[in-house]
Amino acid sequence: MGNGLSQQGFAPNIFFCLVKSVQHELQYFRVEPQTTPFTYGDYGTISVRDLGYWQDDDSYAFDPDYGCFIYTNANKNGVVLALQYFVSAGSLGYGWDEFEPEE
């Protein structure tokens, strides 16, 4: 892999916990800090967490601009992950991934 990234073993799933909050047709969930099978050079294992855990502020987790959620609207399907990537030395950044099922 480029960018100084390397992978050890197989890529696991990202584990998350659904919360009981459904707002604006979105079912929110939390992604607790967890390791990935990827490493970044001498910095070691890359981990992920949702933006609420990163900022130590739960309001991020329930904001449609920063949270992780599943669409509950019959007209839109999919999952949105807003995650921060980090190593022991600090943050590698954050980003959004959206997954939509094929029709």
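The values are calculated or read from the model by the stated rules, or taken from the named source; none is laboratory data. Note that the structure is predicted; figures quoted are calculated from it, not measured. Reconstructed Cβ throughout: ideal geometry from the backbone, glycine too, with neighbour counts over all protein chains shown. These accessible areas exclude ligands, DNA and RNA; they are computed on the full protein's heavy atoms, side chains included. Shrake-Rupley method; radii C 1.70, N 1.55, O 1.52, S 1.80 Å.
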Quiz item: Restricting the search to segment 10-35, which residues are among the hydroxyl-bearing types (Ser, Thr, Tyr) and either modelled with pLDDT of 90 or more or in contact with a helix residue (DSSP H, G or I) (Cβ under 8 Å, 6 or more places away or on another chain) (or both)?
Solution: Tyr28, Thr35
Quiz item: For residues in segment 68-103 being open to solvent by 50 Å² or more (accessible area, probe 1.4 Å), more than 14 Å from the chain's Cα centre (by Cα) and of a type in the set (A, V, I, L, M), which is modelled with the lowest pLDDT?
Solution: Ala74
Quiz item: Within the group Asp42, Asp65, which residue is at pLDDT 90 or above, assigned to a loop (DSSP other than H, G, I, E, B) and loosely packed, with under 10 Cβ neighbours inside 10 Å?
Solution: Asp65
Exercise. Please name all residue pairs, on different chains or six or more residues apart, with Cβ atoms under 8 Å, provided the first residue is in segment 86-98 and is free of Cβ contacts under 8 Å to residues at least 60 places away in the same chain and closer than 30 Å to Lys76 by Cβ and the second residue is among the small types (Gly, Ala, Ser) and open to solvent by less than 80 Å² (accessible area, probe 1.4 Å).
Key: Tyr94/Ala82; Gly95/Ala82; Trp96/Ala82; Glu98/Gly78
Quiz item: Is at least one residue of segment 69-81 within 25 Å of Thr39 (Cα to Cα) and in contact with a helix residue (DSSP H, G or I) (Cβ under 7 Å, 6 or more places away or on another chain)?
Solution: no
